[in-house]
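Trainee: Dropping the structure in here first, questions after.
The values are calculated or read from the model by the stated rules, or taken from the named source; none is laboratory data. From a predicted model like this one, the values you see are computed outputs, not experimental measurements. Ideal geometry is used to build each Cβ from the backbone, glycine not excepted, and the neighbour counts take in all protein chains shown.
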Amino acid sequence: MMSEVAVDRSGPELRFENERLDGVAALVTGAAQGIGAATAHALAERGAVVYPTDIDEELGRTTAARIGAGDRFMRLDVRSERGWDEVTERMAADGNRMGVLVNSAGAAMKATLQETSLADFQRMLDLNLVGTFLGVRAAGRHMVDGGAVVNIASLRGMLATDGLGAYGASKSGVRALTKVAAIELAARRIRVNAVCPGSIMTGITDGQGFSNDDYDAYVRSIPLQRRAAPDEVADIIAFLVSDRSGYVTGIDMLVDGGTAAGVTTPKKTN
Ligand SMILES: NC(=O)c1ccc[n+]([C@@H]2O[C@H](COP(=O)([O-])OP(=O)(O)OC[C@H]3O[C@@H](n4cnc5c(N)ncnc54)[C@H](O)[C@@H]3O)[C@@H](O)[C@H]2O)c1
């Protein structure tokens with residue numbers, strides 16, 4: 001008969017209670033708007049002590065005030081090593097250790113590989129991949145045992161998409177980084193997961209230059225026939241950092257309305 005293995009489900013200093021995050025210090029990057037802002041809000045609603053960060057200070061402070069975290073907003077450029085030191089020092093000065101980290105800062109760029117300059121390619125990697133690496137490394141250094149990290153990768157890091165080569169490569173890298181971090185931090189019961197959103201209605205997808213017809217065709221190509229609101233990703237992230245998902249680590253979870261499930265064929269009109 002197999003012997004029972006004792007199950008230790010939380011770190012000594014951290015207590016999640018189902019989806020509640022009361023008193024858990026949660027750092028969110030890219031929190032001024034979009035998915036990061038919705039996530040900061042979702043975590044605050046669940047009781048977390050949220051530290052919203054962004055390079056956009058004005059919008060960041062407005063968003064932080066809206067979710068009751070106004071005095072905890074910090075400017076953080078995720079590409080800056082020093083910046084990561086400063087935010088973790090500030091949390092420590094407040095008597096808080098990071099229990100949750102959500103790496104949402106990012107940007108997209110639409111260009112074929114032939115049109116992409118070396119500088120632009122490196123800019124994508126720096127922001128989306130190196131920024132996430134620095135965050136994951138900071139979590140390894142400062143996070144409470146039993147904590148949780150969620151990185152935002154993308155459907156485009158799974159499904160090759162023309163015109164999104166640099167972006168897709170950076171997000172593929174985020175998926176790989178997530179899995180390595182999950183394995184390396186498992187001994188401390190720190191879980192590291194990624195979400196891979198499809199098409200979410202945020203500033204990042206504005207101005208993609210679609211004609212109305214192309215836009216409609218694009219939306220029809222999504223099995224659920226719609227784009228998503230940022231809070232639909234935020235709710236998944238809140239689940240992934242809660243103890244409801246305590247046995248889940250190293251995944252890259254699609255939130256894409258079924259886009260990657262397969263292909264859609266033209267419908268009969270008759
Ligand atoms: N919206 C989508 O359809 C979609 C799909 C897949 C993945 N994503 C990913 O979700 C994440 C959030 O994107 P979003 O849609 O909310 O976009 P968004 O443009 O609404 O928000 C991105 C935020 O990141 C901030 N930011 C940019 N550079 C930064 C830097 N160097 N340091 C710190 N903050 C910085 C911006 O100021 C902004 O507030 C990104 O990583 C994006 O790639 C979005």
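Trainee: Of all residues in region 159-196, how many are surrounded by fewer than 22 Cβ atoms within 10 Å (Cβ to Cβ), more than 18 Å from residue 247 (Cα to Cα) and in contact with a strand residue (DSSP E or B) (Cβ under 6 Å, 6 or more places away or on another chain)?
Mentor: 1
Trainee: I've got another one for you. Which residue out of 264, 259 is in contact with a Ser or Thr (Cβ under 8 Å, 6 or more places away or on another chain), hydroxyl-bearing (Ser, Thr, Tyr) and at pLDDT 95 or above? It would help to see each step written out before you state the result.
Mentor: Details: 264 fails: at pLDDT 95 or above.
Criteria check complete, one pass: 259.
Trainee: Right, something else. Only one of these is more than 16 Å from the ligand (Cβ to nearest atom), at pLDDT 95 or above, in contact with a strand residue (DSSP E or B) (Cβ under 8 Å, 6 or more places away or on another chain) and among the β-branched types (Val, Ile, Thr): 136, 100, 78, 87. Name it. Full working, then the answer.
Mentor: Working: 136 fails: more than 16 Å from the ligand (Cβ to nearest atom); 78 fails: more than 16 Å from the ligand (Cβ to nearest atom); 87 fails: more than 16 Å from the ligand (Cβ to nearest atom).
Answer to the selection: 100.
Trainee: Of all residues in region 52-77, which are among the hydrophobic types (A, V, I, L, M, F, W, C), touching a residue at least 12 places away in the same chain (Cβ under 8 Å) and assigned to a helix (DSSP H, G or I)? Show your work before the answer.
Mentor: Filtering region 52-77 down to residues among the hydrophobic types (A, V, I, L, M, F, W, C) leaves 55, 59, 64-65, 67, 69, 73-74, 76.
Then drop every residue that is not touching a residue at least 12 places away in the same chain (Cβ under 8 Å), which leaves 55, 59, 64, 67, 69, 73-74, 76.
Those that are among the hydrophobic types (A, V, I, L, M, F, W, C), touching a residue at least 12 places away in the same chain (Cβ under 8 Å) and assigned to a helix (DSSP H, G or I): 59, 64.
Trainee: Let me ask something else about it. Looking at region 196-212, which of the residues that are outside any helix (DSSP H, G or I) and hydrophobic (A, V, I, L, M, F, W, C) is nearest to the ligand (Cβ to nearest atom)? Spell out the reasoning first.
Mentor: From region 196-212, those outside any helix (DSSP H, G or I) are 196-202, 206-211; that's our starting set.
Now drop any that are not hydrophobic (A, V, I, L, M, F, W, C), which leaves 196, 200-201, 210.
Numbers: 196: 7, 200: 4, 201: 7, 210: 13 Å.
That would be 200.
Trainee: Got at least one residue in region 25-45 being assigned to a loop (DSSP other than H, G, I, E, B), away from the ligand (no atom under 12 Å from the Cβ) and at pLDDT 95 or above?
Mentor: Scanning region 25-45, I find no residue that is assigned to a loop (DSSP other than H, G, I, E, B), away from the ligand (no atom under 12 Å from the Cβ) and at pLDDT 95 or above, so the answer is no.
Trainee: Of all residues in region 31-49, which are at positive phi and either aromatic (Phe, Trp, Tyr) or free of Cβ contacts under 8 Å to residues at least 40 places away in the same chain (or both)?
Mentor: The first filter runs over region 31-49 and keeps only residues at positive phi, leaving 34, 47.
Within region 31-49, just 47 meets the criteria.
Trainee: Let me ask something else about it. Looking at region 80-106, which of its residues are hydrophobic (A, V, I, L, M, F, W, C) and part of a helix (DSSP H, G or I)?
Mentor: Within region 80-106, the first condition is being hydrophobic (A, V, I, L, M, F, W, C), and the residues that meet it are 84, 87, 91-93, 98, 100-102, 105.
Passing the criteria: 84, 87, 91, 92, 93.
Trainee: Name the residues in region 24-50 that are within 28 Å of residue 77 (Cβ to Cβ), over 17 Å from the mean Cα position of the chain (by Cα) and of a type outside the set (A, V, I, L, M, F, W, C), would you?
Mentor: Filtering region 24-50 for residues within 28 Å of residue 77 (Cβ to Cβ) gives 24-46, 48-50.
With over 17 Å from the mean Cα position of the chain (by Cα) added as a condition, the list becomes 24, 45-46, 49.
Passing the criteria: 45, 46.
Trainee: For region 139-169, give me the residue count where each residue is within 12 Å of the ligand (Cβ to nearest atom), in a loop (DSSP other than H, G, I, E, B) and more than 25 Å from residue 26 (Cα to Cα).
Mentor: Residues flagged as within 12 Å of the ligand (Cβ to nearest atom), in a loop (DSSP other than H, G, I, E, B) and more than 25 Å from residue 26 (Cα to Cα) within region 139-169 amount to 3.
Trainee: For region 213-270: of the residues being part of a loop (DSSP other than H, G, I, E, B) and of a type in the set (A, V, I, L, M, F, W, C), which is nearest to residue 145 (Cα to Cα)? Write out each step before concluding.
Mentor: If we filter region 213-270 for residues that are part of a loop (DSSP other than H, G, I, E, B), which is where we start, we get 221-227, 229, 242, 246-251, 256-258, 262-270.
After this cut, where a residue has to be of a type in the set (A, V, I, L, M, F, W, C) as well, the list is 222, 224, 229, 248, 251, 263.
On the way: 222: 39, 224: 38, 229: 32, 248: 16, 251: 19, 263: 42 Å.
Taking the candidates together, the pick is 248.
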